1. Name the pairs whose Cβ atoms lie under 9 Å apart, with the first residue in region 58-74 and buried (at least 19 other Cβ atoms within 10 Å of the Cβ), the second not in a helix (DSSP H, G or I), and 6 or more positions between them or separate chains?
2. What's the number of the condition residue 184 fails, among (1) at positive phi; (2) surrounded by 14 or more Cβ atoms within 10 Å (Cβ to Cβ)?
3. Within region 201-208, can one find any residue that is exposed (fewer than 11 other Cβ atoms within 10 Å of the Cβ) and farther than 18 Å from residue 75 by Cα?
4. Going by the structure shown, is residue 154 in the same structural domain as residue 77 (by TED's automatic domain parsing), within 18 Å of residue 60 (Cβ to Cβ) and not in a helix (DSSP H, G or I)?
5. Given the conditions (1) farther than 23 Å from residue 62 by Cβ; (2) assigned to a helix (DSSP H, G or I); (3) modelled with pLDDT under 90, and given that residue 162 satisfies all but one, which numbered condition is not satisfied?
6. Do we find a residue being without any contact (Cβ under 8 Å) to a residue 60 or more places away in the chain, over 25 Å from residue 162 (Cα atoms) and touching a helix residue (DSSP H, G or I) at 6+ places or on another chain (Cβ under 9 Å) anywhere in region 111-122?
7. Name every residue in region 59-82 that is in contact with a helix residue (DSSP H, G or I) (Cβ under 9 Å, 6 or more places away or on another chain) and either under 20 Å from residue 189 (Cα atoms) or modelled with pLDDT under 80 (or both), in order of residue number.
8. Which residues, counting only those in region 45-58, are touching a helix residue (DSSP H, G or I) at 6+ places or on another chain (Cβ under 9 Å) and either in a helix (DSSP H, G or I) or at pLDDT below 85 (or both)?
């Protein structure tokens with residue numbers, strides 16, 4: 001059997017195998033921005049402080065305080081405060097629901113689990129009608145109730161203490177993250193104002209250059225050009241003339 005007919009000819013070009021990960025994709029890892037370094041540093045310090053306080057208070061699950069710090073941390077201060085506020089609201093609502101279900105059905109598992117499942121479904125249903133972190137609060141309320149209720153199902157007499165412990169982790173993590181963020185944002189309004197003024201001056205300067213070019217070249221109404229002024233890497237200002 002002649003198999004040479006199945007072999008590719010000399011003029012066939014084989015595809016070049018390339019590494020699937022481009023070096024520019026890892027630029028954020030090897031060359032992070034100062035803002036990213038400050039964000040990681042402040043949250044690391046906040047998580048260590050939260051863990052130390054939780055161990056000092058002898059809480060049974062101190063890792064939840066650390067998880068709360070990183071879960072509520074956002075790059076923008078307003079988003080971080082909003083998420084922290086709604087996380088506390090969702091946690092408290094879920095803890096109260098868990099205590100109510102345990103108190104109402106202490107030994108009726110055939111009623112207890114459907115009640116918890118109904119609460120989770122109701123929270124998920126209401127979350128679909130909300131936006132941003134309000135939706136997050138409803139979802140958090142649902143699974144917080146399930147965590148506390150299932151943990152207290154074998155020992156219903158301690159459900160109140162389990163709920164208090166869960167709320168303590170959340171509040172401790174939120175307070176540590178907020179306090180550390182306040183230390184890292186000293187003088188933030190002044191810096192933000194200076195940055196905004198610099199961006200506006202840059203846009204006005206480019207706009208003046210563009211208008212000068214239009215006037216000098218005598219652009220008529222018949223010729224329509226589209227110019228773009230880059231305000232920052234994500235936003236552009238388009239001018240039709």
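The values are calculated or read from the model by the stated rules, or taken from the named source; none is laboratory data. All values derive from a computational prediction rather than experimental measurement. Here Cβ is always computed from backbone atoms with ideal geometry, including for glycine, and neighbour counts include all displayed protein chains.
1. So the pair list comes out as 65/59.
2. Status for residue 184: all satisfied but (1).
3. Step one: filter region 201-208 for residues exposed (fewer than 11 other Cβ atoms within 10 Å of the Cβ), giving 201, 208.
Still in the list and also farther than 18 Å from residue 75 by Cα: 201, 208.
There is at least one residue in region 201-208 that is exposed (fewer than 11 other Cβ atoms within 10 Å of the Cβ) and farther than 18 Å from residue 75 by Cα.
4. So residue 154 fits the description; yes.
5. Result: residue 162 passes all but (1).
6. Residues of region 111-122 that are without any contact (Cβ under 8 Å) to a residue 60 or more places away in the chain, as a first pass: 111-122.
Next, only the ones that are over 25 Å from residue 162 (Cα atoms) stay: none.
Taking every residue of region 111-122 in turn, none turns out to be without any contact (Cβ under 8 Å) to a residue 60 or more places away in the chain, over 25 Å from residue 162 (Cα atoms) and touching a helix residue (DSSP H, G or I) at 6+ places or on another chain (Cβ under 9 Å).
7. Those that are in contact with a helix residue (DSSP H, G or I) (Cβ under 9 Å, 6 or more places away or on another chain) and either under 20 Å from residue 189 (Cα atoms) or modelled with pLDDT under 80 (or both): 73, 74, 75, 77, 79, 80, 81, 82.
8. 45, 46, 47, 48, 49, 50, 51, 53, 54, listed by residue number.
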